[in-house]
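Worksheet: one structure, shown below.
The values are calculated or read from the model by the stated rules, or taken from the named source; none is laboratory data. Predicted, not measured: the structure shown is a model, and the values here were computed from it. Here the Cβ is made from the backbone with ideal geometry for all residues, glycine too, and neighbour counts use every protein chain on show. With ligands, DNA and RNA removed, areas are computed over all heavy atoms of the protein, side chains included. Shrake-Rupley method; radii C 1.70, N 1.55, O 1.52, S 1.80 Å.
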Amino acid sequence: MNNFFIVGAGPGDPSFLLPRALTVISTADILIGPSRIVEQYAEKGKEILYSDGRISDVADMVRSSRDRGTVAVLVAGDPCWYSLGKSLMKSFSSGEYEVVPGLSSMQLAFCRIGASWSDAELMSLHGRTAVEFDEVLSSEHLKPYLVCLTDARFSPSWIAGHVLDTLNPPKRIWVAERLSYPDERVKAYEPAVAASITFDPLSLVVLEW
């Protein structure tokens with residue numbers, strides 16, 4: 001049975017793909033990943049499997065396809081930062097796969113903002129609760145920046161409205177929409193303003209104190 005690759009596809013646009021990742025994707029026989037990502041690398045002769053369903057389904061896809069050729073699972077950003085990569089690594093032994101790093105949306109966002117992410121707290125709101133978010137916001141050791149990966153429930157406007165009611169609201173909220181794509185937009189707002197705006201679902205938030 002062939003080993004497989006867990007490949008960081010970067011923030012989205014193929015021009016941000018790292019060289020090693022491009023080599024693996026180009027030589028793979030089977031690509032597994034979200035339609036938004038894998039369709040950009042679909043070539044004649046490659047088998048494409050879409051992983052837009054449950055996370056557990058992806059591991060099953062890998063198991064059932066490894067005998068047919070080299071498999072590359074494409075994940076957004078970097079596989080080791082709040083991604084599907086973590087679940088996949090738990091589902092297989094370390095000798096069964098190679099992890100290929102990618103540029104995360106968080107890294108690109110800080111490049112656009114012009115700040116260092118070494119001064120940032122990193123958080124994904126996927127599957128979290130408002131109580132857990134509040135615990136981070138109320139920490140005595142809160143860093144100058146808090147990065148929030150958003151989802152349908154915890155959108156940038158929800159986050160902006162929520163922090164207004166805290167004891168220590170941020171001075172501004174950065175919203176990075178569609179990072180790396182031609183229609184990318186990265187802009188700083190006052191929280192009260194951001195709370196009334198509908199942002200693209202593909203967004204990342206950076207709170208700045």
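Where both bridge residues fall in the chain, DSSP classifies roughly 45% of the beta bridges as antiparallel.
Comparing mean-square fluctuations of LYS187, LYS44, LYS90 from a GNM of the chain with C-alpha springs under 10 Å, the top value falls on LYS44.
Helix 55-65 and the longest principal axis of the C-alpha atoms of the chain enclose an angle of approximately 20°.
Computed with a 1.4 Å probe over protein heavy atoms only, the accessible area of VAL193 comes to about 70 Å². For the chain, averaging the sequence separation of C-alpha pairs within contact (under 8 Å, six or more residues apart) and dividing by the residue count gives a relative contact order of 21 percent.
Ranking SER15, SER91 from most to least accessible surface, computed with a 1.4 Å probe over the protein chains only, gives SER15, SER91. The listed residues SER56, SER65 rank as SER56, SER65 when sorted by accessible area, largest first, using a 1.4 Å probe. Modelled spin labels at ARG66 and ALA42, positioned 7 Å past Cα toward Cβ, are 2.7 nm from each other.
Scanning residues 5 or more positions from TYR181 or on other chains, those with amide H under 5 Å from its amide H are ASP13, with H placed 1.01 Å from N in the peptide plane. Taking springs between alpha-carbon atoms closer than 10 angstrom, which of PHE110, PHE92, PHE199 fluctuates most in the Gaussian network model of the chain? Taking springs between Cα atoms under 10 Å, the residue moving most is PHE92.
Summed over qualifying helices (DSSP H, 4 residues or more, each -39500 (n - 2.57)) and divided by its residue number, the chain shows a 222 nm mean residue ellipticity of -7500 deg cm²/dmol. Averaged over residues, the count of other Cβ atoms within 10 Å places the peptides 151-158, 36-43 in the sequence 151-158, 36-43, highest first. Evaluating 6.51 cos²θ - 1.76 cosθ + 1.60 at θ = phi - 60° for every residue in segment 194-205, the Karplus couplings come out as 4, 5, 9, 10, 9, 9, 4, x, 8, 9, 10, 10 Hz, glycine and proline recorded as x.
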